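Each remark here refers to the structure printed beneath this line.
The values are calculated or read from the model by the stated rules, or taken from the named source; none is laboratory data. Since the model is a prediction, treat every value here as computed from it, not as a measurement. Here the Cβ is made from the backbone with ideal geometry for all residues, glycine too, and neighbour counts use every protein chain on show. With ligands, DNA and RNA removed, areas are computed over all heavy atoms of the protein, side chains included. Shrake-Rupley method; radii C 1.70, N 1.55, O 1.52, S 1.80 Å.
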Amino acid sequence: MSALAELAASEAGTALLREEGVFLDRRSFLGAISAPARDALARLSQPTGRDDGRAHPIVYTAHQLSVDYGASVFAKLTALSGLEAPHDVRACGLWVDVDRSGSDKRMTVISWPRRGGRAGVTMAPPGSKKREPRFIPIEKRELLSALDRLRTYLGEAGVGRRGLDRYAHLRDVVSRSAADTLADLSAEVTDLLLAEYGIRLAPVRLSRLLEEKDFREQVEACLNALPRVIEVFNRAVFDLRDRGIDPLLHPLADDYLPLRISCPSDATRLPLRRRDGAGGTYAVATCGCGARYRFRLGRRELSLDEIAQTHRWSPDVLVLIFVNDLASGVVAGKSSAIYGMVLNRVLREALDKEPIPMLVPEGLTSPDAADARLVADSLMVSYLLGG
């Protein structure tokens, strides 16, 4: 049983979740949200020609942009999509294209169930695990070869006409695609899969949001309160552990920065560390290829300006803090609802902000969160098997 399911199963656990801003029922969640404090996410998610001049509440869910998705992610996407039309909410899929592709296998691999085990069909070139999808180049010939393997597995499974038609559609989408990065390809595949289930979300890539002043100002506010952020973060981690809850996060070191940089030489995503010296505060990193990076943050008032000019930076798990003022609420998963309690304390106690409400889909609070509509815990496998 997941930590979230255990909490949801007890009165004390439910009370703790509610105290930390985690809602388990849609009605209460909707009653707690309002228009966002800042409009960057609303602007980027605005459908063309549909601006009615009103400030709609905007609820998002965030997940790595992938070539496949499991049942728990499907539950988040379905729950979010179900909020939009009947409740006058704008539903936004915040697609994370700036994480290491090796952080989640589904970002690069379709795992196909075969007799005796599973076979992985890789959609990214070798050596991609330390890179962000936006910096992973793809080759059409390799992609079509991967799809040929999928066709072989479909034959083994004795799939019917509907599944073969879907495979043909997938192959046609990939064949016609002008995508030259894994991020672009994954976005097209994601659109195809979600459309099959009637899930329509306003898509915003995190790499695009990073360019917005509203977002950068949230990051800079955190940088300028970093000692307090680290203190509150670590205290929250230890407090949850003392309560018998795994916060899914580790304590932060004194030189911690919530920033990453992708090496221009080999595209490895690197953590930046804080260094204080006579010239001020710097963010530094060393790549395995030998390249060294040093960005000046400032002396008294820290700024992202020098790092932002690279267009190769990204945030870490604190991204949920940085999006807080840009949204009305968030649909959380089994993990993000737990570590979100840590981040919510940072918002309140270190940054003097009120966390936006988190909604956990009903299915994710049960011991078995698998959706009956998904075969082999895979949206892609379910799509191709014609279910």
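Side notes on the structure shown:
- Tally of residues being within 26 Å of the chain's Cα centre (by Cα) and open to solvent by 90 Å² or more (accessible area, probe 1.4 Å) across region 162-180: 2
- Only one entry in ARG312, ARG275, ARG299, ARG294 is under 30 Å from SER335 (Cβ atoms), among the basic types (Lys, Arg) and in contact with a strand residue (DSSP E or B) (Cβ under 7 Å, 6 or more places away or on another chain), namely ARG312.
- Which listed residue is surrounded by 19 or more Cβ atoms within 10 Å (Cβ to Cβ), within 30 Å of ASP266 (Cα to Cα) and out of contact with any helix residue (DSSP H, G or I) (no Cβ under 7 Å at 6 or more places or on another chain), from VAL109, VAL121: VAL109
- Flag for SER207 being of a type in the set (S, T, N, Q), farther than 25 Å from LYS129 by Cβ and surrounded by fewer than 22 Cβ atoms within 10 Å (Cβ to Cβ): no
- Being open to solvent by 50 Å² or more (accessible area, probe 1.4 Å), more than 22 Å from the chain's Cα centre (by Cα) and of a type in the set (D, E, K, R) holds for only one residue in ASP305, ASP246, ASP239, ASP266, and it is ASP305.
- Pick from region 70-93, criterion in a helix (DSSP H, G or I) and charged (D, E, K, R), ranking: least open to solvent (accessible area, probe 1.4 Å): LYS76
- Any hit, region 139-154, residues being at pLDDT 95 or above, part of a loop (DSSP other than H, G, I, E, B) and out of contact with any strand residue (DSSP E or B) (no Cβ under 6 Å at 6 or more places or on another chain): yes
- Residues located in region 103-132, provided they are without any contact (Cβ under 8 Å) to a residue 40 or more places away in the chain, within 30 Å of ILE261 (Cα to Cα) and not aliphatic (A, V, I, L, M): SER103, LYS105, GLY120, THR122, PRO125, PRO126, GLY127, LYS129
- Annotation: of all residues in region 185-204 being open to solvent by less than 70 Å² (accessible area, probe 1.4 Å) and outside any helix (DSSP H, G or I), the one that is nearest to PHE322 (Cα to Cα) is VAL204.
- Residue pairs whose Cβ atoms lie under 8 Å apart, separated by 6 or more positions or on different chains, with the first residue in region 247-271 and under 22 Å from ARG296 (Cβ atoms) and the second basic (Lys, Arg) and surrounded by fewer than 17 Cβ atoms within 10 Å (Cβ to Cβ), are ASP255/ARG273; ASP255/ARG275; TYR256/ARG273; LEU257/ARG273.
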